[in-house]
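Scroll down for the structure; my scribbles are underneath it.
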Amino acid sequence: MTIRTARPNRGQHVPPRMHCLKKLEAIVVEMQDPKNGVKNSVQKLNVTTIPHAAAGNDIIAWINTKMKTTVEEAQVFGTMLVAYGYIYPLKNHNKLVMCNDSSLYRFQTPYFWPTQKWVPEDSDYAIYLAKRNIRKKGQLEPYEQTHYNHLHEWLNHKWEFIVMQATEQYKAGRDRNKPDRVIFDCQERAYWMVNRPPVSLWLFVRGLVCTHQWLLVKKNVFYQQAIMRSKVKSSVSLGALVKYITTYKNHDPFLAPCQPMLSPDAPTKMRVERWSFSLFELLTDLRGRDDFKIFLKKEFSGENLAFWEAAEELKWGTASSMSTKAETIFKTFLAPGAPRWINIDGRTMGLTVKGLEHPHRYVLEAAQTHVFLLMKKDTFFRYLKSPTYKEIQKKALSPETHSFSPAQLQQNAQNRSPGIHPIILWQQEEEEKAKAAAASAPVDVKAVMSKIDRKK
Amino acid sequence: MSQDPLEGCRISAGKKSAVSLGKALHPPNLLVVVEGTCGACVAASPVSAPEGSCSYNVAHHHLCVCVRVCMAWQGLQKGETLASLKQESENLRRKLEEERGKLTDVELHQVAEKVETVAALSIKTRRVLKGHGNKVLSMDWCKDKRRLVSSSQDGKVIVWDAFTLNKEHGITLPCTWVMACAYAPSGCAVACGGLDNKCSVVPLSLDRNENVTAKKKSVAMHTNYVSGCSFTNSDMQLLTSSGDGTCALWDVESGQLLQSFHGHTADVLSLDLAPSETGNTFVSGGCDMKANVWDMRSGQNIQSFDNHQSDINCVKYYPSGDAFASASDDATCRFYDLRADREVAVYQKDSIIFGASSVDFSLSGRLLFAGYNDYTINVWDVLKGTRVSVLFGHENRVSRVRVSPDGTALCSASWDNTLRVSRT
């Protein structure tokens with residue numbers, strides 16, 4: 001047995017049902033104890049007597065004493081044992097309940113217990129039905145006959161194998177002695193009663209057919225979409241991955257050690273270098289974003305970035321604030337004559353404005369992508385060549401690499417202050433945002449005029 | 001196929017029967033949940049099968065029937081039989097393989113030949129965070145690169161300062177097995193969830209004496225355990241994965257479900273958000289051995305990879321967002337290229353036979369840290385496919401490995417009740 005092929009023990013992810021079943025199993029084992037278990041009876045079948053049976057009322061009485069419950073509770077517990085297939089009734093095999101009378105039950109062999117990891121598959125069921133068919137032609141119940149016909153169609157490609165297996169099992173069964181054969185037949189029948197319960201014919205078939213068809217259709221649609229999706233040549237995509245690694249190689253602390261800690265104020269040379277890798281890096285680092293804003297202010301093209309930021313806030317914001325945000329954005333950036341009107345192509349503008357009639361989270365997606373691409377392809381490169389960026393490159397620190405001994409490092413760490421708590425930073429940020437929003441609010445002409453009047 | 005969505009729901013078996021329409025999950029499909037008594041037993045109980053499952057396979061005798069009805073499915077003509085659909089499925093699958101094959105002009109190890117090898121690493125454990133009373137199941141770094149949150153089997157969630165080893169906050173949840181925890185991007189809250197089928201958000205405060213547990217707020221509700229959670233780019237949205245086979249996007253403030261993602265046919269064990277500038281996709285891995293890439297806007301499954309041979313425990317995006325890695329119980333980690341739409345590398349060794357529970361990339365993406373159930377962490381060279389280093393030290397299986405946001409340190413959480421922070 002290789003550890004790899006055995007079904008892994010999902011210790012931490014045991015599905016709840018398995019838990020209960022394991023407990024049930026422990027009890028079932030106790031019940032079968034020859035000394036302290038349930039009292040044994042025998043089943044009389046025509047002439048033969050088959051042992052290892054138990055009467056319903058005996059089982060319930062045992063559960064009663066063992067668990068100190070009432071008779072009703074014991075009966076429910078007994079029914080559960082029958083329902084999950086640990087005990088099966090000998091008469092009325094399709095009624096999976098425990099009755100408090102002298103009707104006989106037998107314990108199911110551990111091979112057929114639900115906690116065994118093998119799943120009751122269609123092919124197994126097909127073999128079972130085929131075997132029954134061989135033994136007594138035309139003796140299948142109507143629902144079983146329907147199953148059989150359906151499986152014959154569905155598993156047609158394996159049918160020879162199934163019939164072969166069934167014949168083998170039938171022959172092997174004939175070699176057993178009568179009591180064993182009867183017991184095994186009952187066990188198998190009980191197992192399939194639990195796993196393939198009889199249901200209304202028409203409904204069942206409809207359900208089966210519908211489900212299969214539906215799943216296949218869904219799979220086909222998925223394949224078609226996958227085929228149509230644009231894919232890239234491996235040389236291109238793998239080349240891009242290698243390029244990414246090479247670009248960031250010197251910034252990876254595990255590959256190029258001795259990276260000193262980043263201080264919140266003056267950025268280091270490495271950090272500034274990282275801003276030049278992509279617009280995404282620049283914007284993700286808030287310090288870089290601020291620097292970019294300074295540059296944009298000089299160019300009088302700050303509205304693109306402001307729009308992008310506002311769109312991000314809309315996308316990731318709370319559901320309740322969406323409509324107000326969308327309205328503010330429209331008034332500030334998109335309406336004709338807006339104070340910070342962004343220059344996007346007519347088609348995108350049309351789509352966005354139309355979408356804003358019924359605003360949802362992703363309504364600005366098209367416009368935001370357009371603006372981002374604009375910034376990426378044009379503004380970003382101009383920024384990298386600009387005096388603003390060059391200045392900050394000069395100012396950037398090149399901290400000396402320390403060579404502390406491990407003991408010193410330990411001490412430094414212990415003496416290190418907790419730094420600014422992120423909550424405080426966040427509060428400061430919110431305050432600044434509020435101030436900025438107040439400052440950039442469109443000037444209310446009337447208020448200014450009335451102020452001037454009052455002064456007069 | 002009939003147009004009447006309720007056809008097939010008039011049950012004749014059983015004494016009691018009630019039909020309730022489930023919500024329209026993805027038009028034009030309907031999920032119909034049926035309650036009723038089984039002709040074979042007395043008890044009755046409500047039943048619903050997860051999307052995509054073959055209901056009649058459920059080995060639960062209380063189930064009468066759960067019928068899934070397609071309403072006016074475009075393309076499903078009356079004449080289409082199962083056989084023709086199966087044939088079409090085979091043809092499409094072969095065509096997809098063909099298309100993929102045409103674009104495979106080079107393999108990863110060939111491209112990697114031109115890259116220099118990684119120098120020998122000496123990674124040492126610098127901190128051991130002790131304080132949990134039971135197995136540590138999950139952890140996450142804060143964006144400030146020094147704080148982290150961890151959750152354990154005894155229901156405790158602790159926020160640590162990794163430099164000073166201070167425990168800043170301790171949250172006690174009423175359930176055990178807190179399998180998922182995440183730090184909010186602002187650093188002002190943490191999310192945690194597990195066997196209670198919920199994911200809750202707890203706002204943190206500066207006041208040490210304040211009882212943070214009291215302000216806990218349930219955001220996500222699933223029908224089975226929560227296996228993973230992650231905030232999106234803001235504190236306001238939470239993405240969760242669950243044992244009920246679905247992932248879901250929630251609005252934190254109102255607890256509203258914004259989008260649900262159906263497609264896995266078994267428990268979903270892990271998810272990760274794409275770091276790209278568009279940030280609209282995420283990848284999930286589950287017990288059905290599949291790793292699926294989803295579009296957050298539409299809820300659609302855009303790509304799927306089924307190369308693993310056992311449950312996928314963890315998925316993680318490559319830093320550029322164009323690839324991702326997965327760790328599985330089949331003792332391998334695999335690397336997938338999203339633009340070429342295929343698996344490009346498998347990281348395995350004959351001497352590694354225990355499953356991998358967690359993976360994370362270093363900052364440049366050159367190194368892949370993988371935690372295994374044999375108590376070790378293996379460091380793989382992503383390009384060349386070789387193992388660079390092994391980290392020992394844990395005394396029980398490693399449940400989670402995460403590289404800090406600035407890439408300087410690696411934190412590993414383990415069932416030996418400790419967390420270790422390591423760096424070169």
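The values are calculated or read from the model by the stated rules, or taken from the named source; none is laboratory data. This structure is a prediction, so every number in the text was calculated from the model and none was measured. In this analysis, Cβ positions are derived from the backbone assuming ideal geometry, glycine residues included, and neighbour counts consider all displayed protein chains. For accessibility, only protein heavy atoms count, side chains too; no ligands or nucleic acids. Shrake-Rupley method; radii C 1.70, N 1.55, O 1.52, S 1.80 Å.
Tabulated data
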item	result
Residues located in the range B:281-314, provided they are assigned to a loop (DSSP other than H, G, I, E, B), hydrophobic (A, V, I, L, M, F, W, C) and closer than 13 Å to B:ALA327 by Cβ	B:MET289
Answer residue from the range A:229-257, given it is more than 7 Å from chain B (Cβ to nearest Cβ) and in a helix (DSSP H, G or I) and is farthest from B:LEU367 (Cα to Cα) among those	A:VAL236
Residue that is most open to solvent (accessible area, probe 1.4 Å), among those in the range A:113-148 that are within 11 Å of chain B (Cβ to nearest Cβ) and of a type outside the set (Val, Ile, Thr)	A:GLU121
Restricting the range B:387-424 to residues that are of a type in the set (Ser, Thr, Tyr) and in a strand (DSSP E or B), the residue that is farthest from the other protein chains (Cβ to nearest Cβ)	B:THR418
Residue match in the range A:356-369 (condition: more than 18 Å from A:LYS315 (Cβ to Cβ) and open to solvent by 30 Å² or more (accessible area, probe 1.4 Å))	yes
Odd one out for B:GLU98 among (1) open to solvent by 10 Å² or more (accessible area, probe 1.4 Å); (2) at pLDDT below 95; (3) closer than 30 Å to A:ILE424 by Cα	(3)
Boolean, A:HIS157 is buried (at least 19 other Cβ atoms within 10 Å of the Cβ), modelled with pLDDT of 80 or more and within 13 Å of chain B (Cβ to nearest Cβ)	no
Number of the condition not met by A:TRP202 [criteria: (1) facing another protein chain (nearest Cβ under 7 Å); (2) modelled with pLDDT under 70; (3) open to solvent by 70 Å² or more (accessible area, probe 1.4 Å)]	(1)
Some residue of the range B:138-146 being under 23 Å from B:GLY243 (Cβ atoms), under 18 Å from the mean Cα position of the chain (by Cα) and without any contact (Cβ under 8 Å) to a residue 40 or more places away in the chain	no
Subset of the range A:219-228 (residues that are more than 7 Å from every other protein chain (Cβ to nearest Cβ) and open to solvent by 60 Å² or more (accessible area, probe 1.4 Å))	A:GLN225, A:MET228
Per-region count, the range B:155-171, residues under 17 Å from B:VAL212 (Cβ atoms) and either within 25 Å of the chain's Cα centre (by Cα) or open to solvent by 30 Å² or more (accessible area, probe 1.4 Å) (or both)	10
Test: residue in the range B:346-354 that is surrounded by fewer than 23 Cβ atoms within 10 Å (Cβ to Cβ), touching a residue at least 60 places away in the same chain (Cβ under 8 Å) and aliphatic (A, V, I, L, M)	no
Out of B:GLY79, B:GLY75, sole residue that is at the interface with another protein chain (Cβ under 7 Å from one of its Cβ atoms), outside any helix (DSSP H, G or I), at pLDDT below 90 and exposed (fewer than 15 other Cβ atoms within 10 Å of the Cβ)	B:GLY75
Single condition A:TYR88 does not satisfy, out of (1) open to solvent by less than 10 Å² (accessible area, probe 1.4 Å); (2) in contact with a Pro (Cβ under 9 Å, 6 or more places away or on another chain); (3) not in a loop (DSSP other than H, G, I, E, B)	(2)
Matching residues in the range B:205-233 - criterion: being without any contact (Cβ under 8 Å) to a residue 40 or more places away in the chain, of a type outside the set (Lys, Arg) and not in a strand (DSSP E or B)	B:SER205, B:LEU206, B:ASP207, B:ASN209, B:GLU210, B:ASN211, B:ALA214, B:HIS222, B:THR223
Candidates B:SER362, B:SER358 - the one that is open to solvent by less than 40 Å² (accessible area, probe 1.4 Å), more than 9 Å from every other protein chain (Cβ to nearest Cβ) and either under 22 Å from the mean Cα position of the chain (by Cα) or within 28 Å of B:ARG100 (Cβ to Cβ) (or both)	B:SER358
Whichever residue in the range B:371-386 is assigned to a strand (DSSP E or B) and within 19 Å of B:THR117 (Cβ to Cβ) and, among such residues, is farthest from the other protein chains (Cβ to nearest Cβ)	B:ASN378
Unique residue being within 13 Å of chain A (Cβ to nearest Cβ) and hydrophobic (A, V, I, L, M, F, W, C) when the list is B:ALA189, B:ALA248	B:ALA189
Test: residue in the range B:153-163 that is within 13 Å of chain A (Cβ to nearest Cβ), within 21 Å of B:LEU410 (Cβ to Cβ), of a type in the set (D, E, K, R) and out of contact with any Ser or Thr (no Cβ under 7 Å at 6 or more places or on another chain)	yes
